[in-house]
1. Among the residues of region 24-65, write down those that are small (Gly, Ala, Ser), over 16 Å from the mean Cα position of the chain (by Cα), assigned to a helix (DSSP H, G or I) and surrounded by 19 or more Cβ atoms within 10 Å (Cβ to Cβ).
2. Which of (1) β-branched (Val, Ile, Thr); (2) closer than 18 Å to Ala44 by Cβ; (3) buried (at least 16 other Cβ atoms within 10 Å of the Cβ) does Val209 not meet, given it meets every other one?
3. Would you tally the residues in region 113-129 being in contact with an Asp or Glu (Cβ under 9 Å, 6 or more places away or on another chain) and surrounded by fewer than 23 Cβ atoms within 10 Å (Cβ to Cβ)?
4. Considering (1) closer than 19 Å to Gln54 by Cβ; (2) modelled with pLDDT under 95, say which one Tyr117 fails and leave the rest.
5. If I ask for residues that are loosely packed, with under 14 Cβ neighbours inside 10 Å and either under 22 Å from Val90 (Cβ atoms) or of a type in the set (Phe, Trp, Tyr) (or both), which ones from region 305-332 would you list?
6. Looking at Glu226, Glu221, can you tell me which residue is touching a helix residue (DSSP H, G or I) at 6+ places or on another chain (Cβ under 8 Å) and either of a type in the set (Ser, Thr, Tyr) or surrounded by fewer than 16 Cβ atoms within 10 Å (Cβ to Cβ) (or both)?
7. Is there a residue being over 18 Å from the mean Cα position of the chain (by Cα), under 26 Å from Ile158 (Cα atoms) and modelled with pLDDT under 95 anywhere in region 223-238?
8. Only residues that are in contact (Cβ under 8 Å) with a residue 12 or more places away in the chain and either part of a helix (DSSP H, G or I) or among the hydroxyl-bearing types (Ser, Thr, Tyr) (or both): list them for region 130-146, please.
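The values are calculated or read from the model by the stated rules, or taken from the named source; none is laboratory data. Predicted model only: the values in this text are computed from it and were never measured. Using ideal geometry, Cβ is built from the backbone for each residue, glycine included, and neighbour counts are taken over all protein chains shown.
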Amino acid sequence: MHMADALLAPAVAATMYVASGTAAGISIAKLKKDENTQKLPTMAVTAALVFAGQMINYTIPGTGSSGHMCGGMLLSALLGPYAGFLSMIVILAIQCLFFADGGLMALGANVWNMAFYGCFVGYFLIWRTIIRSGWFRNMETKAAIRLKIIIASIAGCIITLQLGAFSVVLETSLSGITELPFGSFVALMQPIHLAIGLVEGLITSAVLVFVFESRPELLQEVNSTEKGIANRQSLKTTVIILAAVAVVVGGGLSLLASSNPDGLEWALFGNAEEGYAENMGLDEEDFGVKSSAADTAAMVQEKTSFLPDYAFPGSESAAGTTVSGIVGGALVAGAAALICFIGGFFRKKKRPGTV
């Protein structure tokens, strides 16, 4: 669901930068008060895991389309909404600058569409509400929490992806792209992202259930002191396992990603080459809004993206995808950790009597 610059008028793109920047500023202010040092290594490794996960497009059967996870729900369930949102910004910015995934002018919109809803709406209205609920009181405590994690993950991913997809339609409409009639675009975007959200929800629930079984205290809103709940793995072991999964997914499984266009590209251009509908039927080489701001952003992006489209420039070697997955994951993890140190997030609590 990474938007290209051509889908936005400069004024709309600037507005979305302001909106996403405001949310980022609030997140930074909130994290200044956070003293949970366990979040620092978790933030780095889970951000890398989401980056790797976004490289794997999974086929949506019978449509000619594919989807990939956004990751906002996963990160907010592990880190909380504020650290999760900042982690998503790191991921999307690195994808944009170094891999030419999503437009630079459109970065503010992409942050809003793919991160804001998952991290804030998904956390406060769905994750926290369901995990804190009294559902399944008659079940054994651990089984009840496990079931609530699964429901919250699936519902959260479906709902927040629907909101993100609808925002894409609104932003293009406000940008005056007449080739994308509002009703027709909605009719394509919402159903395909319903299917994509369902798959992401299943993936998210699998990861969070693993964390719950290994180190439940890492999950937000889960009371790890309740009867029958205990840490089975050390924090170090859990983080190492997640890091290993990120490397395997980004460096290996990414080679198996579907070649079908993702939900947004499918809605815009269709997949007639594989015998599917043309959908909106836009020309991939000439569509949307032309602007000097978009041209400038494209020039900057061309200079910064050393692995465009997750490949070696001018090469179709599979090694480019593997290198992109590993290097990208390392960049995301390193940037997330660096931001934590610079911002002074996750400080250790001062002991009584110290200054």
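1. Keep residues of region 24-65 that are small (Gly, Ala, Ser), which gives 24-25, 27, 29, 44, 47-48, 52-53, 62, 64-65.
Filter once more, so that each one left must be over 16 Å from the mean Cα position of the chain (by Cα): 25, 27, 29, 62, 64-65.
Now narrow it down to the ones that are assigned to a helix (DSSP H, G or I): 25, 27, 29.
If the condition is that a residue be small (Gly, Ala, Ser), over 16 Å from the mean Cα position of the chain (by Cα), assigned to a helix (DSSP H, G or I) and surrounded by 19 or more Cβ atoms within 10 Å (Cβ to Cβ), then Ser27 is the only one that fits.
2. (2)
3. Adding up the residues that qualify gives 1.
4. (2)
5. Our first condition is that a residue be loosely packed, with under 14 Cβ neighbours inside 10 Å; within region 305-332, this holds for 306, 309, 313-319.
Across region 305-332, the qualifying residues are Phe306, Asp309.
6. Values: Glu221 fails: either of a type in the set (Ser, Thr, Tyr) or surrounded by fewer than 16 Cβ atoms within 10 Å (Cβ to Cβ) (or both).
Only one candidate passes the filter, namely Glu226.
7. Residues of region 223-238 over 18 Å from the mean Cα position of the chain (by Cα): 223-238.
Next, only the ones that are under 26 Å from Ile158 (Cα atoms) stay: 223.
Then keep just the ones that are modelled with pLDDT under 95; that gives 223.
Checked region 223-238: at least one residue is over 18 Å from the mean Cα position of the chain (by Cα), under 26 Å from Ile158 (Cα atoms) and modelled with pLDDT under 95.
8. From region 130-146, those in contact (Cβ under 8 Å) with a residue 12 or more places away in the chain are 130-133, 135-136, 140-142, 145-146; that's our starting set.
Ile130, Ile131, Arg132, Ser133, Thr141, Lys142, Ile145, Arg146 - these are the residues of region 130-146 that are in contact (Cβ under 8 Å) with a residue 12 or more places away in the chain and either part of a helix (DSSP H, G or I) or among the hydroxyl-bearing types (Ser, Thr, Tyr) (or both).
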